[in-house]
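Chemist: Would you mind keeping the following structure in view while I ask a few things?
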Amino acid sequence: MNTSSLPRIAVLATGGTIAGSAGDASKTAGYKAGVVGVDKLLDAVPALGSVARIHAEQIAGIDSKDMSAALWTTLARRIDALLAQDDIDGVVVTHGTDTLEETAYLLHLTVKGAKPVVLTAAMRPSTALSADGPLNLLNAVTVAASKDAAGKGVLVAFNNQIHSARDVTKTNTYAVDAFRSPESGVLGFVQDGRVEFQRVAVRPHTGASEFAVADQWPMVEIVASYADASRVMVDALVAAGARGIVVAGTGNGSMHATLTQALAEAVKRGVAVVRASRVGSGHVMRNGAASDDALGTVAGTLNPYKARVLLMLALAAGANDLQRIFDTY
Ligand code: ASP
């Protein structure tokens, strides 16, 4: 086979269970994430050689529970630099599943290039029986090598499905079909070398996004509402200098009265407060379960973790029209 005409795909490894290792092949929960190097991950998938020419880089080797905003900045800038190269046709990022949805959404809103960017991961470590990483990696490279994937924003290829970074979320602690896009559904499928898109995400992303990664990130934290919630955490965050608070509210973004009082005071002190929901699917209606007009809060359709990403980006950009931003992205 003449491989010189194959697309050239950059694989950027950051760690995660896909690069996890355990002493025993029967172990799928007790293992160390992010310890297997990118070359070894690629060696486990000989079939990659007939899909793409690979350029590999080890960006980090972490358990994604430890992902940082500083690493997001490094990653986004490296991806854009690679996409600007004529000899790179797309980028794949290997990542842990725990915070994959946050990194994917951050990149969706900050990477400017239109070439495919695809994240993938695994639920089982590379040493496990029936490890899911090798096939997920092959499928991610297959999607990144597909012209059809260009211009669709950052994608997540996992368990034969293709998700938009905006909507995908981890929904299971152990199963290999851990990712879902609640309400909106998958964008398409990848199987046996065939990439099939069925829909696109219509909200702005990549080159159409107004956001960029920052060198200094504003402090934005998440507070949950629940029965008997107190105001201790909100008060502590305000005292610590938080610029933004996302509320993982009950139901349609409703908040305990005690929390509501504390948040209203936080808004008066200049803290941006966004209402999201802890429910896992569905949106939060502005002026629905709480009066955003009276409280000075913002309501959005993102889950709390993605709402935090958008609020960080908006505050880093100096934006003050936060409801427009949450209605747009
Ligand atoms: N803790 C791991 C990580 O996020 C879990 C995984 O990758 O599945 O890095």
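Please treat every number below as a calculation from the coordinates, not as lab data. What you see is a predicted model; the values in this text were computed from it and never measured. Don't worry about glycine lacking a Cβ; one is built from the backbone with ideal geometry, like all the others, and counts go over all protein chains shown.
Chemist: How would you classify the stretch 200-312 from its alpha-carbon gyration tensor, with a ≥ b ≥ c the square roots of the eigenvalues: rounded for a/c under 1.5, else prolate if a/b is greater than b/c, otherwise oblate? Walk me through the intermediate numbers first.
Modeler: On the way: a/c = 1.96, a/b = 1.27, b/c = 1.54.
Verdict is oblate for the stretch 200-312.
Chemist: For the stretch 220-329, what does the relative contact order come out to in percent, with C-alpha contacts under 8 Å and a separation of six or more?
Modeler: After rounding, I find 26 percent.
Chemist: To continue, here is another question. DSSP beta bridges in the chain, what fraction antiparallel, as a percent rounded to 5?
Modeler: Around 30 percent of the beta bridges assigned by DSSP in the chain are antiparallel ones.
Chemist: Related question: Per DSSP H run of at least 4 residues, take -39500 (n - 2.57); add these up for the chain, divide by its residues and hand me the 222 nm value, nearest 500 deg cm²/dmol.
Modeler: On the way: 9 runs with 89 residues, N = 329.
Helix-only estimate at 222 nm: -8000 deg cm²/dmol.
Chemist: Viscosity 0.692 mPa s, temperature 37 °C: give me the Stokes-Einstein translational D for the stretch 71-113 in µm²/s, with Rh taken as the Kirkwood radius over C-alpha pairs. Show your work: numbers first, answer last.
Modeler: Numbers: Rh = 10.9 Å.
Reported coefficient: 302 µm²/s.
Chemist: Let me ask something additional. Which FRET efficiency value, to the nearest 0.05, is calculated for MET233 and MET285 with the Förster distance at 25 angstrom and r the Cβ-Cβ distance?
Modeler: Values: r = 25 Å, r/R0 = 0.99.
That gives a FRET efficiency of 0.50.
Chemist: Also, I was wondering about something else. Could you work out the equivalent-ellipsoid semi-axes for the chain, taking the square root of 5 times each eigenvalue of the Cα gyration tensor, largest first, in whole Å?
Modeler: For the chain, the semi-axes come out at 36, 21, 17 Å.
Chemist: Could you point to the residue in VAL93, MET219, SER5 farthest towards the positive end of the chain's charge dipole, with +1 and -1 charges on the Cβ of Lys/Arg and Asp/Glu respectively?
Modeler: Value computed over the given set: MET219.
Chemist: Cα convex hull of the stretch 29-76: mean projected area in nm², to one decimal? Please report the intermediate quantities before stating the final value.
Modeler: On the way: hull surface 18.3 nm².
Result: a mean projected hull area of 4.6 nm².
Chemist: OK, next. Calculate the length of the line joining the C-alpha centroid of the stretch 141-189 to that of the stretch 32-100, in whole Å.
Modeler: The stretch 141-189 and the stretch 32-100 have Cα centres separated by 16 Å.
Chemist: With the cut-off at 1.5 for a/c, could you classify the stretch 5-119 from its C-alpha gyration tensor as rounded, prolate or oblate? Don't jump to the answer; show the numbers that get you there.
Modeler: Values: a/c = 2.45, a/b = 1.26, b/c = 1.94.
Verdict is oblate for the stretch 5-119.
Chemist: Right, another one. If amide hydrogens are placed 1.01 Å from N in the peptide plane, which non-local residues have theirs closer than 5 Å to the one on VAL11?
Modeler: Amide H neighbours of VAL11, under 5 Å, 5+ apart: HIS55, ALA56, GLU57, VAL92.
Chemist: Now a separate question. Of the residues GLN58, GLN198, GLN261, which exhibits the maximal mean-square fluctuation in a Gaussian network model of the chain defined by a 10 Å Cα contact cut-off?
Modeler: Result for the chain, Cα springs under 10 Å: GLN198 fluctuates most.
Chemist: Another question about this same structure. Given a cut-off of under 8 Å on Cα pairs at least six residues apart, what relative contact order in percent is computed for the stretch 1-105? Walk me through the intermediate numbers first.
Modeler: Numbers: 173 pairs, mean separation 43.6, N = 105.
41 percent.
Chemist: Using DSSP to define loop residues, name the trypsin sites (Lys or Arg not before Pro) in the stretch 223-269 whose beta-carbon has at most 15 other beta-carbon atoms within 10 Å.
Modeler: ARG269
Chemist: Taking the stretch 163-269, which chymotrypsin sites (Phe, Trp or Tyr not before Pro) meet the DSSP loop condition and have no more than 16 other C-beta atoms within 10 Å?
Modeler: Hits after loop and neighbour filter: TYR174, TYR226.
Chemist: Express as a percent, rounded to the nearest 5, the fraction of DSSP beta bridges in the stretch 117-241 (both residues included) that run antiparallel.
Modeler: Details: 12 of 14 bridges.
Around 85 percent antiparallel, to the nearest 5.
Chemist: Could you run the Karplus curve 6.51 cos²θ - 1.76 cosθ + 1.60 with θ = phi - 60° over the stretch 157-174 and give me ³J(HN,Hα) per residue in whole Hz, x for Gly and Pro?
Modeler: 9, 8, 6, 6, 9, 10, 10, 7, 4, 5, 9, 6, 8, 7, 10, 8, 7, 9
Chemist: When only C-alpha pairs under 8 Å and at least 6 residues apart count, what is the relative contact order of the stretch 121-241, in percent?
Modeler: For the stretch 121-241, the relative contact order is 18 percent.
Chemist: Roughly what % of DSSP beta bridges within the stretch 1-142 run antiparallel, to the nearest 5?
Modeler: 5 percent
Chemist: Please give the FRET efficiency for ALA224 paired with ALA70, using the beta carbon to beta carbon distance and R0 = 22 Å, rounded to the nearest 0.05.
Modeler: E between ALA224 and ALA70, to the nearest 0.05, is 0.30.
Chemist: Ordered by residue, what ³J(HN,Hα) values in Hz, to whole numbers, does the stretch 87-92 give under the Karplus form 6.51 cos²θ - 1.76 cosθ + 1.60, where θ = phi - 60° and Gly and Pro are x?
Modeler: Listing the rounded values in order: 8, 10, 9, x, 10, 10 Hz.
Chemist: Give LYS115/LYS170; LYS65/LYS147; LYS112/LYS152; LYS170/LYS306; LYS40/LYS152; LYS27/LYS65 a once-over and call out the pairs whose C-alpha atoms are over 23 Å from each other.
Modeler: Over 23 Å Cα-Cα: LYS115/LYS170; LYS65/LYS147; LYS40/LYS152.
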